[in-house]
Amino acid sequence: MAVRLGGGQGFYGDGHAPVDDLLAAGVDYLVCEALAELTLAILQKDRQRDESLGYTRDLPLYVHQVMPYLLDGRTRFITNAGGINPVAAGRAVVGAARSLGVSGVKVATVVGDDVRPRADELGLPDDALFANAYLGARPIVQALDDGAQIVITGRVADAALFLAPLVHEFGWAWDDYDSLAAGVVVGHLLECSGQVTGGNYSGAWWTNADPTRIGFPIGEVEPDGSAVITKPPGTGGMVTFDTVREQLLYEVHDPARYFSPDVVADFTSLSLDDLGGDRVRVSGTRAATPPSTDTYKGLVCTPAGYAGEARLAYSWPDAEAKARAALMFLRKRAEQKGVPVEEWREEYFGVDAFGGSTAHNDDCEPPEVIGRLAWRTADRDSAARIAPEVGVLGLSGPPTLSGTGRGRGGGPSQLLAVEPFYVDKKLVDDQVRVEVEEV
Amino acid sequence: MARIQLRDLCGARSGDKGDISDVSLFADDEAAYEALLGEVTPDRVKAHFAELVTGDVERYEARNVLALKFVMHGALGGGAPRSLRSDNLGKTHGATLLRMWVDVPDDVAANARRRVRPPAPPTR
């Protein structure tokens, strides 16, 4: 009997309407992946302001969406929305459930990925904003085995959120590496929501059915780990060989050795078969050799200065020349004011902002150019001292300066550095706990 | 042999991990995949990206899905959270690689399936 996994979220801020489509189509597990590399930094800032925060704040909305299906016994809910504060997230979930007047719901919280309190011992920077190990599927499986209907975690390897229910349902052994690798592949395909169902498709993206409501993915997984990737009927987007292989290799580095906490998967071992009708079968996945490592990957985040930014748009004729002159003006003024800028970045939208020197445009002059100047300083005050010069360009700069839209012009923002590290699994495992609370 | 721009020959997707930009190229048949293997070498990719990529470029093969993977180090101005680039996640790097021109056998160029374009925008 196949297990149906729904990929309900690919980042903090993803759409909620496609989740309703998944639930209506029927999934055994709604799995929501909320944490990009950077998200913990955002959540850490939240927690600094308020100790009861530090998780993704739209979590209660997901709880509201899934609850009717959960109470029917149809769907369980797994998410890493706990972010930097899974305990508070667990409380928020319990609160949301109580506000709905439900009872008898078991909520599990997985803690222990946070290793910042042990920065010293692990040789990590003492000014870390966060330092977390990417946990594997085991604590989630334990929670499911304990009967949890909702599982909240902090930092967990994205694919492990999807691997866990498969291990729970099929009873895969922790040394059944080929099955675990197959589960990781399914998880990797589902973890970026619409990016496997037509979103960001580099081919004929304009042929997506109903592109305003691209459906989120469903994985129909068999006990042997093979799966069909599909989407709810009636939704937009498409699931084809092309959309699935683009997601398969997304951010995996060496595809023959995709590291996850539970297994190293060989993505070059599998087959993709386009069955038509928005169904693509993935099968034959094997683990790499060796199939596992004795470390977890972690991510540590430290402050890295401040950035300011100015955007200046100029019209034809000679738009690029004017924009270049304007950015030069600002750089010179910073120099004259003695602002200690550590790094500048000049970009000209419409000319080279994305392609750099690879973007040749010899055949025509661009219709408009936005000059973008960014700078890094060690302290916030220095970063703030350049922005006042922007206004001067209105009357004293090149002709035809115009706006670039609302919502820019904020103050300096803090920069951060992230570095991977490796930590002995034992060390982390000793601090991992699963707490189950019944509402 | 025929000269063709990669945008007409294959698809691409890019993403990030730290200061690494990770770009995949997708061929539509075995012949095109073979042509890409010979033409789109790590050295050429590194040269193509010029000042955008300061570190090494590694290439991996995923023949099972007719794809090549390029892992480009020092490609995001220090990594997304500290980069001054507007494209701090390297989301446009796939498109940037598609700008490269390569020499391929005539039949590969003739069979290139990506010459289709979206509907033209309204005329001005």
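3J(HN,Hα) along segment B:100-107, derived from phi through the Karplus expression 6.51 cos²θ - 1.76 cosθ + 1.60 where θ = phi - 60°, amounts to 5, 9, 9, 9, 10, x, 3, 5 Hz, with x in place of Gly and Pro.
Reducing segment A:209-231 and segment A:1-33 to their Cα centroids gives an inter-centroid distance of 10 Å. Checking an interface number: how much accessible area is buried between B and A, summed over both chains, with a 1.4 Å probe, in Å² rounded to 100? Chain pair B/A: roughly 3800 Å² of buried accessible area. Within 10 Å of the Cβ of each residue in A:415-424, the mean number of Cβ atoms contributed by other protein chains is 3. Relative contact order of chain A, taken over Cα pairs closer than 8 Å and 6 or more residues apart, is 17 percent.
Averaging the Cα positions of each part gives two centres, and for segment B:50-116 and segment A:119-144 these lie 32 Å apart. If a/c stays under 1.5 just call it rounded; otherwise compare a/b with b/c (prolate if a/b is bigger, oblate if not). Do that for chain A, with a ≥ b ≥ c from the square roots of the Cα gyration tensor eigenvalues. It comes out prolate by the Cα gyration axes.
Computed from the C-beta positions of A:Glu343 and A:Arg49 and an R0 of 45 Å, the FRET efficiency is 0.95 to the nearest 0.05. Legend: calculated FRET efficiency, A:Ala173 to B:Ala47, from the Cβ-Cβ distance at R0 = 51 Å, rounded to 0.05, equals 0.60. Computed from Cα atoms alone, the Kirkwood hydrodynamic radius reported for segment A:300-418 is 15.1 Å. Once C-alpha pairs closer than 8 Å and six or more residues apart are averaged by separation and normalised to the residue number of chain B, the relative contact order reads 40 percent. Residues whose amide H comes within less than 5 Å of that of A:Thr285, counting only those at least five positions distant or on another chain, are A:Ser271 (H built at 1.01 Å from N in the peptide plane). The distance between label points at A:His16 and A:Leu100 comes to 1.2 nm (points 7 Å beyond Cα on the Cα→Cβ vector). Here each label is just a point 7 Å from Cα along the line to Cβ, and for B:Arg117 and A:Asp379 those points are 5.4 nm apart. In this calculation the C-beta distance from B:Glu30 to A:Asp429 is compared with R0 = 51 Å, giving a FRET efficiency of 0.65. Our coupling estimate for segment A:193-199, obtained by passing each phi through the Karplus curve with A = 6.51, B = -1.76, C = 1.60 and θ = phi - 60°, is 6, x, 6, 9, 10, x, x Hz, Gly and Pro reported as x.
With each label modelled as a point 7 angstrom along the Cα→C-beta vector, the A:Ser413-A:His360 pair spans 3.4 nm.
Listed by chain and number, the lysines whose alpha-carbon sits under 23 Å from that of A:Lys426, ignoring those within fewer than 8 places in the same chain, are A:Lys297.
Counting Cβ atoms of other protein chains within 10 Å of each Cβ in B:39-49 and taking the mean gives 1.
Dividing the summed -39500 (n - 2.57) terms of all DSSP H runs of n ≥ 4 by the residue count of the protein assembly as shown sets its mean residue ellipticity at 222 nm at -8500 deg cm²/dmol.
The values are calculated or read from the model by the stated rules, or taken from the named source; none is laboratory data. The structure presented is a predicted model; accordingly, all values stated were derived computationally and were not measured. All Cβ positions, even for glycine, are placed from backbone atoms using ideal geometry, and neighbour counts span all protein chains on display. When the accessible area is computed, the model is the full protein with side chains, heavy atoms only, and any ligands, DNA or RNA have been set aside. Shrake-Rupley method; radii C 1.70, N 1.55, O 1.52, S 1.80 Å.
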